[in-house]
Amino acid sequence: MVEVPPNLFKILPFLSAHWTIVCNFARKMIRTINSWRGLMAVAVVLFHCEVGWSYNVAVSGVTFFFISSTFLLVRRHPFERITRSGYLSFVLEHASRLYPLHWLGLALLVLLAILCHTAAIDWGATALSALLLQAWSPVHDVHYGLNPVAWYLSALLFCYIIYPFMAHWLGPWRLRYKVLLATLLAVLLGATLFPLNIPQREAIFVNPASHVLDVTVGLTLFHLYRVLSGRLTQVSFGKATLIELGALLLLAAVITVNVTTTWIRPWEDDIIWLLPQGAVLVAFALLAGREGAVGRLLLWRPLQWLGSISFEVFVLQFAAFLFFNFVISPAAGHFGWQIYDKLPWLVFPLLFLVSWIVNRCFTRPLFAFIGRKFSRT
């Protein structure tokens, strides 16, 4: 008889729980969408490094982050009915996935700002940012603050807060009525944006209330996905490739129109990207497990890895910028220069390394703990 080491009985429950979390994550994740998020996060970093061609991809990528977040939420939390305990658990779980990494990024920026004497810190705006309330302010220096990309987390937190009610309310609606509601909200937001200048448009774009539209679109796209998945039962590799290319060509067409004309410029912050990025989202979701040429490229392991650290890449980019400016670039005799925007490709090794370390040593253990804690509630 083979003797079982006594320590094995202590390890098995941990392995079982860990394996359950991994399997649940794999079922929830659409791998091509994971890679696409990673590419969009890189586009956002390039935009903040002032790489001109990345602007439209980056802005459209922010829209993709919002609508895909809702889309994936519907897969996990349909919310046919809402109870007080269920609602509180949902909000606390998702808030606890945002705040710790946000606080880590903010702490790094405060530390670097103090050590490198980059600028005086507005502690009031920083306190609002720490609470993820800064995006409600129309003041530029407040809603962008010390970590400019954290406005997205502020708006996303609001989307988490309202999602259960919207999912419960819109869930029984027919698809045509959801499309009509999304269209009406888009027209309303578009009419509001049209007469405004860029700073005023930005204040509305970052305001969490404007992203009720994105939640509505995400819910609508999931309904469309369910309808189409019942009809798209057999897809050849060639047909899947054509569907993928069609969605990407629609996105490329909107980018081309926005670059070469000015007539859709007043809505370039958000609205014009809902249709093309929605098409990309639904196309890759429908083809999960039967990908075409583009989908198989997105399944490439380096892109999957990039997608797995995309959250950290997005949140920690400005901390990496400051570190590069005031710690790395002095070795080249450029102390005090804002040089990351002149050497953007040299920033990525640092950003990817930091993001990977934080993902492995901070985010993953945290998410595993949160998953275990809320699975018992």
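Cβ separations smaller than 7 Å between residues 6+ apart or across chains give the following pairs from the range 148-160 residues that are touching a residue at least 24 places away in the same chain (Cβ under 8 Å) to residues that are surrounded by fewer than 22 Cβ atoms within 10 Å (Cβ to Cβ) and of a type in the set (Gly, Ala, Ser): Leu156/Ser69; Leu157/Ala95; Cys159/Ser69; Tyr160/Ala95.
Taking interchain pairs and intrachain pairs at least six residues apart, which have beta carbon atoms under 7 angstrom, with the first residue in the range 251-271 and under 13 Å from Tyr55 (Cα atoms) and the second assigned to a loop (DSSP other than H, G, I, E, B) and not basic (Lys, Arg)? If the second residue must be assigned to a loop (DSSP other than H, G, I, E, B) and not basic (Lys, Arg), the pairs left are Asn258/Ile264; Asn258/Glu268.
How do the helices (runs of 4 or more DSSP H) wholly within the range 1-90 filter down when requiring 1 or more residues that are buried (at least 19 other Cβ atoms within 10 Å of the Cβ) and modelled with pLDDT of 95 or more: which remain?
Working: elements: 6-28, 31-48, 55-76.
In the range 1-90, the matching helices (runs of 4 or more DSSP H) lie at 31-48, 55-76.
Here's the yes/no breakdown for (1) surrounded by fewer than 18 Cβ atoms within 10 Å (Cβ to Cβ); (2) at pLDDT 95 or above; (3) farther than 30 Å from His77 by Cβ; (4) among the hydroxyl-bearing types (Ser, Thr, Tyr):
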position	(1), (2), (3), (4)
Ala182	no, yes, no, no
Asn197	yes, no, yes, no
Glu202	yes, no, yes, no
Asn207	no, yes, no, no
Val212	yes, yes, no, no
Leu219	no, yes, no, no
Leu242	yes, yes, yes, no
Val257	yes, no, yes, no
Glu268	no, no, yes, no
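When the range 337-377 is limited to residues that are assigned to a loop (DSSP other than H, G, I, E, B) and without any contact (Cβ under 8 Å) to a residue 60 or more places away in the chain, the one that is farthest from Phe314 (Cα to Cα) turns out to be Arg376.
Among the residues of the range 262-281, those that are within 16 Å of Phe64 (Cβ to Cβ) and part of a loop (DSSP other than H, G, I, E, B) comprise Glu268, Asp269, Asp270. For Phe165, the conditions (1) of a type in the set (A, V, I, L, M, F, W, C); (2) under 15 Å from Val215 (Cβ atoms); (3) over 23 Å from the mean Cα position of the chain (by Cα) are fulfilled apart from (3). The set of residues in the range 130-183 being assigned to a helix (DSSP H, G or I), closer than 21 Å to Phe311 by Cβ and of a type in the set (Phe, Trp, Tyr) consists of Trp151, Tyr152, Phe158, Tyr160, Tyr163.
Checking each residue in the range 287-321 for being surrounded by fewer than 20 Cβ atoms within 10 Å (Cβ to Cβ) and either touching a residue at least 12 places away in the same chain (Cβ under 8 Å) or farther than 22 Å from Gly218 by Cβ (or both) picks out Ala288, Arg290, Ala293, Arg296, Leu297, Leu299, Trp300, Arg301, Pro302, Leu303, Gln304, Trp305.
Would you tally the residues in the range 38-95 being among the hydroxyl-bearing types (Ser, Thr, Tyr), over 18 Å from Ala167 (Cα atoms) and more than 11 Å from the chain's Cα centre (by Cα)? Step through it out loud before you land on a result.
Within the range 38-95, the subset among the hydroxyl-bearing types (Ser, Thr, Tyr) is 54-55, 60, 63, 68-70, 83, 85, 87, 89.
Next, only the ones that are over 18 Å from Ala167 (Cα atoms) stay: 54-55, 60, 63.
Subset that is more than 11 Å from the chain's Cα centre (by Cα): 54-55, 60.
Residues flagged as among the hydroxyl-bearing types (Ser, Thr, Tyr), over 18 Å from Ala167 (Cα atoms) and more than 11 Å from the chain's Cα centre (by Cα) within the range 38-95 amount to 3.
The values are calculated or read from the model by the stated rules, or taken from the named source; none is laboratory data. Only a predicted model underlies this, so the values are computations on that prediction, with no experimental measurement involved. Because the Cβ atoms are built from the backbone with ideal geometry, glycine has one as well, and the counts that use them run over all protein chains shown.
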